[in-house]
Amino acid sequence: MTIISFMASSQTKVLLKVGGNSMTATLTDNEATRELTKLLEHGDLTIRMSDYGGFEKVGALPQSFPTSNTQITTVPGDIMFYQGNQMVIFYGSNSWSYTRLGKIDGATADSLRQFLGNGDVTLTLSLESSGIENVTADANKEEIIYDLNGRRITKKPLAPGIYIINGKKTIIRQ
């Protein structure tokens with residue numbers, strides 16, 4: 001019998017930190033976010049952000065990113081690229097031509113104003129892992145198998161049922 005194990009990790013979410021508070025955001029899949037993800041794989045990104053217009057925080061990025069601008073009416077929690085080198089987080093609404101980056105998970109206008117505070121803030125952006133990263137099979141590992149009554153099983157093949165294999169519950173179907 002071969003044991004297959006799954007390890008979790010996927011970069012579809014980012015973690016935003018301001019002071020001691022954090023929120024997650026789900027990224028949109030586009031060329032700009034793929035480039036941003038590549039940059040974040042090398043470490044966190046710190047952005048100095050300022051209020052603008054009473055509905056957004058904006059901050060300069062360390063480099064330009066690809067754009068796919070479209071006319072968008074934003075809602076609280078939207079994260080956009082403006083001119084390819086400015087990150088914008090909306091706690092209000094605005095209509096303009098942006099490249100969509102993603103959306104802060106579960107954000108409301110009030111929670112974002114509290115999270116982002118007044119005036120200038122320092123935002124730290126980092127990758128958050130989730131999902132399946134890789135699958136490995138260990139065909140050479142000795143299996144220790146017990147039935148649900150705690151008896152060690154050495155006879156193979158196993159009949160359909162529930163077993164404890166190397167300390168993990170396993171269902172065998174045939």
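The values are calculated or read from the model by the stated rules, or taken from the named source; none is laboratory data. These figures come from a predicted structure and were not determined experimentally. Heads up: the accessible areas ignore ligands, DNA and RNA and are worked out on the full protein's heavy atoms, side chains in. Shrake-Rupley method; radii C 1.70, N 1.55, O 1.52, S 1.80 Å.
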Average accessible area per residue (Å²) across region 1-127 - probe 1.4 Å, nucleic acids and ligands excluded: 50 Å²
Hey, what number do you get for the chain at 222 nm if only DSSP H runs of n ≥ 4 count, each worth -39500 (n - 2.57), divided across all residues, to the nearest 500? -3000 deg cm²/dmol
Just one of (i) 65, 37, 30; (ii) 72, 31, 27; (iii) 85, 40, 27 is Cα extents along the principal axes in Å calculated from these coordinates, so which is it? (ii)
Rounded to the nearest 10 Å², the 1.4 Å probe accessible area of T46 is 90 Å²
Helix 31-40 against the longest principal axis of the chain: what's the angle in degrees, Cα atoms only, rounded to the nearest 10? 70 degrees
Identify all lysines with a Cα-Cα distance to K38 below 29 Å; exclude those on the same chain that are fewer than 8 residues away in sequence. K13, K17, K57, K103
With θ taken as phi - 60° and the coefficients 6.51, -1.76 and 1.60, list the Karplus ³J(HN,Hα) couplings across region 101-117 in order, rounded to whole Hz; mark glycine and proline as x. 9, x, 9, 6, 5, x, 7, 10, 4, 5, 5, 6, 4, 5, 5, 7, x
Length-normalised contact order of the chain in % [C-alpha pairs under 8 Å, at least 6 apart]: 29 percent
Percent of accessible area on the chain owned by carbon and sulfur, 1.4 Å probe? 50 percent
